[in-house]
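Chemist: Got a structure for you, questions after.
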Amino acid sequence: MKDKILVTGGTGYIGSHTTVELQKAGYEVVIIDNLSNSNREVIDGIEAITGVRPDFVEGDCTDIPTLRKLFEEHPGIKGIINFAASKAVGESVHKPLLYYRNNLNTLINLLDLMPEYGVKGIVFSSSCTVYGEPDSNPIDETAPIKDPTSPYGNTKQISEEIIKDYVASGAPIKSILLRYFNPIGAHESALIGELPVGVPQNLVPYLTQTAAGIRKELTVFGNDYNTPDGSCIRDYIDVVDLARAHVVAMTRMLDGKDTDAIEIFNLGTGRGLSVLELIDSFERATGVKVPHKIGPRREGDIEKIWADPKKANEVLGWKAEVPIDETMRKAWAWQQRLPKN
Ligand code: WQD
């Protein structure tokens, strides 16, 4: 058995898929989650996939005694992957203090306790949102960090700075910051996937709910952008590819292969896809039509962004591999297992 890893937010979308990949790589996983945006049945799904039930602590990482108790009851944790955060861009505009308190206090508490409990490395879940609207695409890790377009995006930028300053202060820890592009899809077993609460804000869950008849019609938010078909372009990355990158990053740190105390990687496919192209991919892959119409632009949307994944490919030794049609098929298989209501 390899080292023991703490996955905060591990019953969430990316956290659950990462737990599966960590277990497949031989790591022992402890999950802490306050279940504010997920449910404990996800643990059953993880166990059904890997045959190993991760230890689960229902708790809030903003509470230091909760974290102390976890580290004392689960000795030997060597690494942390921190997913625990509020992540709805729109909500963050209306509830900024909730986002700053939750996302920043969670990180500060984890960093503060790591040296005391012998935790060597932390992988931080960051986002391409730190780049804002790029000056050009594809975008690599040297691209300028732009003014945040939401409190959510600002918590990611501030979190990166907190980690950098803490490491620079001499803290005996290391970190890898992973800047995700647009995670989509589900596990091939359809036993875990994205569980949006309420009306989905993100494209793919809204698309699959429309295909399932839960939503009447998908609105494409604008087709008058400066792109080939007028709709926005993003770098959609399969959630399992993304999960595997976390395992590679954690192993790199624990095996001492990282060359700097802090390393930063863009996690994308390097392929830009428009909204209309993604709809086409879904319909081609599943044979299911998605009723959709063109509507007005959504406030705050950037026009186009996709990754230059060269550094992750060559330095981290990771590459996105799942073809987009396969990702769409998995997203659809997952949607079909969910209740219609
Ligand atoms: C993608 C494209 C929409 C819904 C957000 C966060 C980012 C990250 C990923 C956390 C856009 C269009 C969407 C719909 C549409 N989250 N769209 N109709 O906005 O790129 O990124 O999620 O880290 O931080 O900002 O993702 O899926 O919301 O939108 O046309 O009903 O789909 O305009 O062009 P986004 P998204």
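Values quoted throughout were computed directly from the atomic coordinates according to the rules given, and no laboratory measurement underlies them. Only a predicted model underlies this, so the values are computations on that prediction, with no experimental measurement involved. So basically every Cβ, Gly included, is an ideal-geometry build from the backbone, and we count neighbours across all protein chains shown.
Chemist: Kindly state, as a whole number, the per residue volume in cubic angstrom of the convex hull around the alpha carbon atoms of the stretch 87-198.
Modeler: Dividing the Cα hull volume of the stretch 87-198 by its residue count gives 151 Å³.
Chemist: Could you work out how far apart the two model spin labels at VAL315 and SER169 are, taking each label as a point 7 Å from the Cα in the direction of the beta carbon, and quote it in nm?
Modeler: About 2.5 nm, to one decimal.
Chemist: Could you work out how far the C-alpha centroid of the stretch 303-327 sits from that of the stretch 84-125, in angstrom?
Modeler: After rounding, the separation between the Cα centres reads 25 Å.
Chemist: Is the shape of the chain rounded, prolate or oblate, going by the alpha carbon gyration tensor and its root eigenvalues a ≥ b ≥ c, with a/c under 1.5 for rounded and a/b larger than b/c for prolate?
Modeler: prolate
Chemist: Which of these, ILE80, ILE302, ILE122, has the largest mean-square fluctuation under a Gaussian network model of the chain (Cα springs below 10 Å)?
Modeler: ILE302
Chemist: In square nanometres, what is one fourth of the surface area of the convex hull spanned by the alpha carbons of the stretch 189-294?
Modeler: 9.4 nm²
Chemist: Further question: Would you mind checking which residues have amide H under 5 Å from ASP55's amide H? H placed 1.01 Å from N; only 5 or more apart, or other chain.
Modeler: VAL29, ILE31
Chemist: Then there is this: Counting only other residues whose beta carbon sits under 12 Å from that of ILE237, what net charge do I get with K and R as +1, D and E as -1?
Modeler: Every neighbour counted, the sum reads +1.
Chemist: Whole-Hz Karplus ³J(HN,Hα) for the stretch 302-310, in order, using 6.51 cos²θ - 1.76 cosθ + 1.60 and θ = phi - 60°, x for Gly and Pro?
Modeler: My calculation for the stretch 302-310 gives 8, 6, 8, 7, 8, 8, 9, x, 4 Hz in order.
Chemist: Sticking with this structure for a sec: Counting other beta carbons within 10 Å of each Cβ, put HIS94, HIS246, HIS292 in order, fewest first.
Modeler: HIS94, HIS292, HIS246
Chemist: Using mean Cβ contacts within 10 Å as the protection proxy, how do 325-334, 176-185 order, highest first?
Modeler: The packing order, highest mean first, is 176-185, 325-334.
Chemist: Below 10 angstrom from the Cβ of ASN182, what's the summed charge of the other residues (Lys, Arg +1; Asp, Glu -1)?
Modeler: Counting the neighbours of ASN182, the net charge comes to 0.
Chemist: Under the rule of -39500 (n - 2.57) per DSSP H run of 4 or more residues, summed and divided by the residues of the chain, what mean residue ellipticity at 222 nm is obtained, to the nearest 500 deg cm²/dmol?
Modeler: Calculated mean residue ellipticity at 222 nm is -10500 deg cm²/dmol.
Chemist: Once phi is turned into θ = phi - 60°, what whole-Hz ³J(HN,Hα) does the Karplus curve with 6.51, -1.76 and 1.60 give for every residue of the stretch 44-60, x standing for Gly and Pro?
Modeler: With the stated coefficients, the stretch 44-60 comes to 4, x, 4, 5, 5, 6, 9, x, 10, 8, x, 5, 10, 10, 7, x, 10 Hz.
Chemist: I need SER274, SER169 ordered by Cβ neighbour count within 10 Å, fewest first.
Modeler: SER169, SER274
Chemist: Here's another thing I want to ask about it. Subtracting the Cα-Cα distance from 0.36 nm times the residue separation, let me have the gained length for ASP260 to LEU97 in nm, one decimal.
Modeler: Difference between extended and current length: 55.4 nm.
Chemist: Please tell me which of these pairs span more than 25 angstrom C-alpha to C-alpha: LYS146/LYS311; LYS289/LYS310; LYS2/LYS87?
Modeler: LYS289/LYS310; LYS2/LYS87
Chemist: For the stretch 167-173, take each phi angle, set θ = phi - 60°, evaluate the Karplus expression 6.51 cos²θ - 1.76 cosθ + 1.60, and give the result in whole Hz per residue in order, putting x for glycine and proline.
Modeler: Karplus values, whole Hz, x for Gly and Pro: 5, 5, 6, x, 4, x, 9.
Chemist: Reported to two decimal places, what Rg/Rh ratio describes the stretch 16-58 when computed on Cα atoms with Rh from the Kirkwood expression?
Modeler: When Rh is taken as the Kirkwood radius, the ratio is 0.93.
Chemist: Mind putting together the pair-distance distribution for the stretch 1-148? All Cα pairs, 5 Å bins, whole percent per bin, short to long.
Modeler: Reading upward from the zero bin: 2, 9, 18, 20, 18, 15, 10, 6, 2, 0.
Chemist: Let me ask something else about it. So who's got an amide H within less than 5 Å of the one on ARG215, skipping anything under 5 residues away but keeping other chains? H placed 1.01 Å off N, in plane.
Modeler: THR210
Chemist: Below 19 Å, Cα to Cα, which lysines can LYS4 reach? Residues fewer than 8 away in the same chain don't count.
Modeler: LYS24, LYS69, LYS78, LYS120, LYS174, LYS257
Chemist: Still on this structure, please answer the following. Per q in 0.19, 0.33 Å⁻¹, report the Debye log10 I(q)/I(0) for the stretch 163-203, using one uniform scatterer on each alpha carbon and no solvent.
Modeler: Log-scaled intensity ratios, in q order: -0.73, -1.15.
Chemist: OK, next. Fewest Cβ neighbours within 10 Å first, please rank HIS74, HIS187 accordingly.
Modeler: Ordered from fewest to most neighbouring Cβ atoms within 10 Å, HIS74, HIS187 come out as HIS74, HIS187.
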